[in-house]
Amino acid sequence: MSENLANTWAELGKGLEKIYTNVDPVSTKQYMELYSHVYNFCTKSHLEDVTPLTRNRRNNQPNVATPSGAEFVGEDLYKKLVTFLEEYVNELRAACHSFRGTELLEHYNRVWESFRFSSTAVNGIFSYLNRHWIKRELDEGKTGIYEVYNLAVRCWQEKFFVHVADAVTNAVLDLILNERNGESIPTSLVSGVLNSYLEMGINEHDDPPTGQQVLRPTTNAPTEKRPRALVVFKTYFERKFLEQTRLYYSAEAQEFLAQNSVIEYLKKVEERIKEERDRVDRYLDTSTLEPLMKACDDVLIANYLDRFRGEFDSMLENNQKDDLARMFTLCERVDGCLEVLRSIMENHIERKGRAAISNVTTDANSDPKTYVNAILSVHQLFSSLVTYAFKNDHGFVQAMDKAFTSFINRNNATDNTKAPSRSPELLARYADLLLRKSAKNPPENEVEEALNQVMIVFKYIEDKDVFQKYYSKMLAKRLVHELSASEDNESAMLQKLKQMCGFEYTSKLQRMYTDTTVSKELTQTFKREVNEKNIDLHHVDLSVMILAHGVWPFQYMETCTIPPILQNVMDKFSAFYVARHTGRKLTFLQHMSRGEVTCNAYNRKYGFMASTAQMAVLLKFNDNLSYSLQEITDSLEFKNDLLCNVLQTMLKVDLITLSETKTLDANTPMDTVVSLNPNFFSKKLKVDLSKAVTRSEVRKEQVDVQKDLEEDRRMVIQAAIVRVMKMRKKLAHSALMTEVIKQLSVRFKPNVKVIKKCIDTLIEKEYLARVEGDRDQYEYLS
Amino acid sequence: MAETTFILQSNDDKTFEVNKKVIAQSLVLSEMMELVTDSETKTIPLTISSILLKPIIDYCNLYQDASEEYVMKDPPPMSLTEKDSEFMKDISNDILEDLTNAANYLNIPRLIDACLLHLRDQMRLNKIKNNQKTINFTYEEQQKLYEKYVTWL
């Protein structure tokens, strides 16, 4: 046996020597010879030594030590091999003692490459041993036995590498340092060396590198890429590498910032991070990427957050989009940095918004257009900024919305005037401007665009019901006086509102709209019937608009007694209508009604557009040419100030004259005589008397709206509270508050005090009760 | 599409020309060819006689166009494929033992499995006959090899 071993080893040893020293290239003859030695050794010895197995032994369990000498034999050979390799590697070590730096790396690389190659050859030669004896050992779980290639690498690691590791690693790190400083280095050298690190970890059965399979020693597989493991790499290289990176970059950052602005610094950081990423691709293992990026982020970005914040504000001021984008991408990498930036941006937007509005405040009170435009321009600026520089990051969008909501709802314009809900009112007025007929009618798509922008601002308004109130008022006026510029625009606007706020919001508006159409038809029908039945209307041309009571925002107002001509017509129409829709009651809104009175008193046939009251007065002049104020008041049952209003415009156009005083106001004595001016002249044939809307009326309107609003809101809040309680039966006070506020947030932002009052009202009305013993809880009383 | 041909030389100096695909089926040979840098040397001297080498080469030629590599599975296949049993018919029992060893030497997994399966079949026949000592003896030897390497006996 030992004879065989000695012989075999004599041959093998020589062969291995030759292979490792690479004197001649390996020839097929050599290879097969050596292989055969191994083969013969493993098989023949086994057969000689065998104890005859009985033929009856059928169930040979695997992995049980069979009394064949193969194991024994393989072990001897294996041990010889181990000794050989260790000796060889020791020689290598001695040889490279004197090298340093890049020379060392070159030498190391060379030696490693040839060692690798030779070991692969030896692995092939010993493949028979691999396949059988070694495999069996591994199956049995013996440690310390490896496939021949792995064995070689292990020897390398234990006997050679550990002694030179520091020197080699330092040399590599020096090269990387040089590269960072701008020199070019032989990257193949570095990657070669690092690859050797990666291969050396294979025998530690943990931490397989990215993308590789687990390390079951692969026997008989055609030469595939050797699996790599990270342990050696991490211990000997990565740790030091990351340390060095940190030191290097913190020094660089400090120096750079001392001499350059933050903006330049940001650019540099971007560059450096890109460079490091490249480096990983080129010669480091991809598993290093993450810790490397983290190290860079920490050192380059996290340490300087304060300075970044300072810069951020001024960048916003100057609207430096690119710089902002760069800062955003860099700060994205570090957790927690963006929050601060977001709040800075929010404050900034708010400030800017308020500033923009203060600029236009004086105008804004009378001109909604400038107000809305100011808001829109700020909005435009910042939403494009967020999209471009901050990539529509969710947090930033939110911050922007918050800022907008804040400054739109509470700003100079709203705070100055006493009315708390100025914004929605101004917005409604603006919409009204767009939708009514005017001297210059912009083309339809421009109006559409403008309406879209109105909706953008509308989104941020908190008190949406205020907007609704004003909008419906104005819509009513537009419809009644036929002032709409275009029906398409009107319905488009309604659509948009419906989309945003739901059906309930726009139902009334929709209804108003349909009422108008229906009324037109009705008037036609009436006229036809008059013709057919030959009802005598005394040459009065009547058209009527029927308005559903709860839907339209008009109140009934007394004006004066109607002159008999008009009364006649009105009665005829009422009869007609009631006949068609029994059970409905008609009330005429005189203060909204207008008419045209033709005048044959002069050379020219004038037509006067007048309100009902004015018509009544004018018709009186049919009977007599002068009246005292008192007379008029008595016969027509006027309220005093109303008469003044009525006569004011007539006075202005010189249609009437006053006897004594030239002015007409509350103090004019009641016996002043009003007479028709016989010398009346006007260039236009149609004179409009009805368009006098005074300032006080607007103010009064606002106050009215406010009152209505309060009332409505109270109702809505109470309804919401009852709804919530009905669902929950029992609820604590704070929970109830939150629920109610949440439900109402779509329409308006309710005041906490008001909600409290409503709760109390409901308790009085016995919808709710306080729970016995627990003052904080309410329960629902059905 | 290997134009490269290799020359396998048996120990009685007979040469056989084979193409790369044949070499690829022997894991030992294919491993070696990756390492041997000298591209001129295509001659591979083997310690196998031509009597064995010929059927081995024939077998490999049979399977040279097999799409997948043959991997030894655990548990091994239960019976011979048709192709293999055709082939085995031509092999006399005398050389079967040596053929198996040669296949093992060159590490041609498909052939190893085929030979062993065939052996098993032969042995089953022999158990029934049970009176040919010479054969028994030979097979006894085989059985050890067999029991060592094949676990499903």
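Nothing in this text is a laboratory measurement; each read-out follows from the coordinates by a stated rule. Just so you know, these numbers come straight off a predicted model, no measurement behind them. Cβ: placed from backbone, ideal geometry, glycine included. Neighbour counts: every protein chain shown.
Laid out as a table, the results:
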read-out	value
Equivalent ellipsoid semi-axes - Cα gyration tensor, the range A:517-591, angstrom	21, 17, 11
About the Cα centre, charge dipole magnitude for the range A:517-591 (Lys/Arg +1, Asp/Glu -1 at Cβ), debye	220 debye
Cysteines without a disulfide-compatible partner [chain A; Cβ-Cβ under 4.7 Å]	A:42, A:96, A:155, A:296, A:501, A:560, A:599, A:644, A:758
More than 19 angstrom apart: percent of Cα pairs within the range A:552-610	48 percent
Rough spin-label spacing in nm, given labels placed 7 Å along Cα→Cβ, for residue A:410 and residue A:568	6.4 nm
Shape parameters for the range A:698-780, alpha-carbon atoms, Rg then Dmax in Å	14.1, 52
Cα centroid separation - the range A:578-655 against the range A:287-329, whole Å	75 Å
Acute angle (nearest 10 degrees) that the helix A:444-460 long axis makes with the longest principal axis of chain A, alpha-carbon atoms	70 degrees
Antiparallel %, DSSP beta bridges [both residues in chain A], to 5	85 percent
At q = 0.10, 0.23 Å⁻¹, base-10 log of I(q)/I(0) for the range A:228-333 (Debye sum, equal scatterers on each alpha carbon)	-0.33, -1.25
Helix A:695-728 vs. chain A, principal-axis angle (Cα, 0 to 90°, nearest 10)	50 degrees
Ranking of B:118, A:481 by count of other Cβ atoms within 10 Å, fewest first	A:481, B:118
Among A:283, A:717, A:161 the positive-end extreme of the charge dipole of chain A (Cβ point charges)	A:717
Cα-centred dipole magnitude for the range A:337-504, charges only on beta-carbon of K, R (+1) and D, E (-1), debye, nearest 20	380 debye
Estimated vicinal HN-Hα couplings, Hz - the range A:126-142 in sequence order (Karplus 6.51, -1.76, 1.60; Gly, Pro = x)	8, 4, 5, 4, 3, 5, 10, 5, 5, 4, 5, 4, 5, 4, 6, x, 6
Residue B:121 versus residue A:746: modelled label distance in nm, points set 7 Å from Cα along the beta carbon direction	8.1 nm
Over 21 Å between alpha carbons, listed pairs A:605/A:684; A:294/A:321; A:464/A:742; A:520/A:620	A:294/A:321; A:520/A:620
Shielding by other protein chains, A:33-40, mean Cβ within 10 Å	3
Shape call, the range A:593-692: gyration tensor on alpha carbons, a/c limit 1.5	prolate
Cα convex hull of the range A:246-401 - mean projected area over all directions, nm²	10.2 nm²
Cβ-derived FRET efficiency at R0 35 Å, residue A:673 paired with residue A:603, nearest 0.05	0.90
In degrees, nearest ten, helix A:564-580 long axis to first principal axis of chain A (Cα)	50 degrees
Shielding by partners, peptide B:26-33 (average Cβ within 10 angstrom, other chains)	6
Residue mean of other protein chain beta carbons inside 10 Å, A:122-131	3
Under 21 Å from residue A:142, Cα to Cα: lysines that are on another chain or at least 8 residues apart	A:79, A:80, B:148
Rounded to the nearest 20 debye, dipole of the range A:593-692 from Cβ charges on Lys, Arg, Asp, Glu	700 debye
Under 15 Å from the Cα of residue A:234 - aspartates and glutamates, other chains or at least 8 residues apart	A:166, A:199, A:204, A:206, A:207, A:243, A:285, A:290
Along each principal axis, Cα extent of chain A, largest first, Å	155, 74, 63
Shape of the range A:383-523, Cα gyration tensor, a/c cut at 1.5	prolate
Packing rank of A:275-287, A:669-681, where each peptide gets the mean count of other beta carbons within 10 Å, highest leading	A:275-287, A:669-681
